[in-house]
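Participant: Quick one: the structure is below, questions incoming.
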Amino acid sequence: MDGMPDENMSDPLTREAIAEYLGGCLFLPERYSFFPSLDSTNTWAARMAAEGAPEGSVVVADGQTLGRGRLGRVWESPPGVNLYFSMILRPRVLPQYSAQMTLITGLALAEAVRGLGVQGVEIKWPNDLLLDGGKLAGILTEMAGEVGKVHYVVVGVGVNVNGEPESYSMEIQPLARSLRGHLQKTVKRAPLLADFLLRFAGWYDRYLREGFAPIREAWVRDSGICGKQVRVNLMEDTFSGEAVDMDREGFLLVRCPGEHQLRRVIAGDIRLL
Ligand code: BTN
């Protein structure tokens, strides 16, 4: 297979491979589903959630044929080398707070990556992990609900673990970074996935008990974005300024030149300048 390191041949992501790591956390092994190939783990997980799958269900695929990114983009998902998975959550929060799941995920993912000895990983609001000036991972959070109530949230995560540049299209190659490229060695996917799930479960539990404040504090500390100049693309507007902080609800606060009031960005495409 193109760009697939030999060592990965013995790197299964099956339930059996992961069960030994998951010690009774939210993500019980019986809620873990592995597929050699799916169109998109987010699409599959949303279908399962609509049919009543419990919180803590995880859908993992070795490769995706129709991996989706934010804003209708494609998430290239070559088989056998990377992580593609989606978690089903049912937080009792207002729908507008479901974006906080993205921030919890970024925090736990950055911790898990640092746990491999990777220096310099940065969380870019709201859904990217950056490494060596490129994209290491992306998060796609989708929600179903009604006014005042979340039915379910699906958080999908793609991590470029061992994908070699030639595994991706010419368009993506200059932007994508991988753990293998950074560490110069193949990284086992199952322990990394399990470590992330355990860390996420810990933060999520804390979120349910204490609210968003501890997440915000850790995120502001960990993120590389505060203090940086950014360009914000919203559907209806585009502007540049300094990302100064994250507010109590998880929105990014941007100071634009000449403006007295900070702009509060709820969801948007951010480019570091
Ligand atoms: C982004 O950066 O735009 C988000 C990318 C999210 C990709 C993951 S891979 C697993 C899950 N299934 C999908 O179709 N997308 C997410």
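The values are calculated or read from the model by the stated rules, or taken from the named source; none is laboratory data. Source: prediction; values computed, not measured. Because the Cβ atoms are built from the backbone with ideal geometry, glycine has one as well, and the counts that use them run over all protein chains shown. Areas reflect the complete protein model, heavy atoms only, side chains present, ligands, DNA and RNA absent. Shrake-Rupley method; radii C 1.70, N 1.55, O 1.52, S 1.80 Å.
Participant: If you take the square roots of the eigenvalues of the alpha-carbon gyration tensor of the chain and sort them as a ≥ b ≥ c, do you get rounded (a/c under 1.5), prolate (a/b over b/c) or oblate? Intermediate values should be presented prior to the final figure.
Facilitator: Values: a/c = 1.66, a/b = 1.24, b/c = 1.34.
Cα axes put the chain in the oblate bin.
Participant: Here's something else I'd like to know. Taking Cα pairs under 8 Å and at least six residues apart, what relative contact order does region 82-164 come out at, in percent?
Facilitator: Values: 144 pairs, mean separation 35.5, N = 83.
Worked out over region 82-164, it gives 43 percent.
Participant: So, counting K/R as plus one and D/E as minus one, what does the shell of residues with Cβ under 10 Å around residue 161 add up to? Please list the in-between numbers first.
Facilitator: Details: positive: 180, 188, 189; negative: 11.
Within the 10 Å Cβ shell, the charges total +2.
Participant: While we're here: Taking the Cα centre of the chain as origin and charging only Cβ (+1 Lys, Arg; -1 Asp, Glu), how large is the dipole, in debye to the nearest 20?
Facilitator: Dipole about the Cα centre, nearest 20: 600 debye.
Participant: Right, here's the next one. Okay, helix-only estimate at 222 nm for the chain: each DSSP H run of n ≥ 4 adds -39500 (n - 2.57), divide by all residues, round to 500 deg cm²/dmol; what do you get?
Facilitator: On the way: 6 runs with 67 residues, N = 273.
After summing the helix terms and dividing by the residues of the chain, the value is -7500 deg cm²/dmol.
Participant: Continuing with the same structure: Using only the Cα atoms of region 96-222, build the gyration tensor, take square roots of its eigenvalues as a ≥ b ≥ c, and label the shape rounded, prolate or oblate: rounded if a/c is under 1.5, else prolate if a/b is larger than b/c, else oblate.
Facilitator: Values: a/c = 2.09, a/b = 1.62, b/c = 1.29.
Prolate, since a/c reaches 1.5 and a/b exceeds b/c.
Participant: With Cβ to Cβ distances under 14 Å as the rule, what net charge do the other residues near residue 35 carry (K, R +1; D, E -1)? Mind dumping the intermediate values first?
Facilitator: On the way: positive: 15, 47; negative: 39, 62.
Net local charge, residue 35 excluded: 0.
Participant: While we're on this one: Nearest 0.05, what FRET efficiency do residue 235 and residue 184 give at R0 = 41 Å with Cβ-Cβ as r? The partial results should precede the final answer.
Facilitator: On the way: r = 41 Å, r/R0 = 0.99.
Between residue 235 and residue 184 the formula returns 0.50.
Participant: Given a 1.4 Å probe, how much area per residue of the chain is accessible, in Å²?
Facilitator: Numbers: 12550 Å² over 273 residues.
On a per-residue basis, 46 Å².
Participant: If you add up the charges near residue 44, with Lys and Arg at +1 and Asp and Glu at -1, over every other residue whose beta carbon is less than 15 angstrom from its beta carbon, what do you get? Can you show the working numbers first?
Facilitator: On the way: positive: 31, 47, 68; negative: 39, 51, 62, 142.
Around residue 44, the charge tally is -1.
Participant: What's the ranking of 257-267, 202-212 by average number of surrounding C-beta atoms within 10 Å, highest first? Don't jump to the answer; show the numbers that get you there.
Facilitator: Values: 257-267: 12.2, 202-212: 15.0.
Ranking the peptides 257-267, 202-212 by packing returns 202-212, 257-267.
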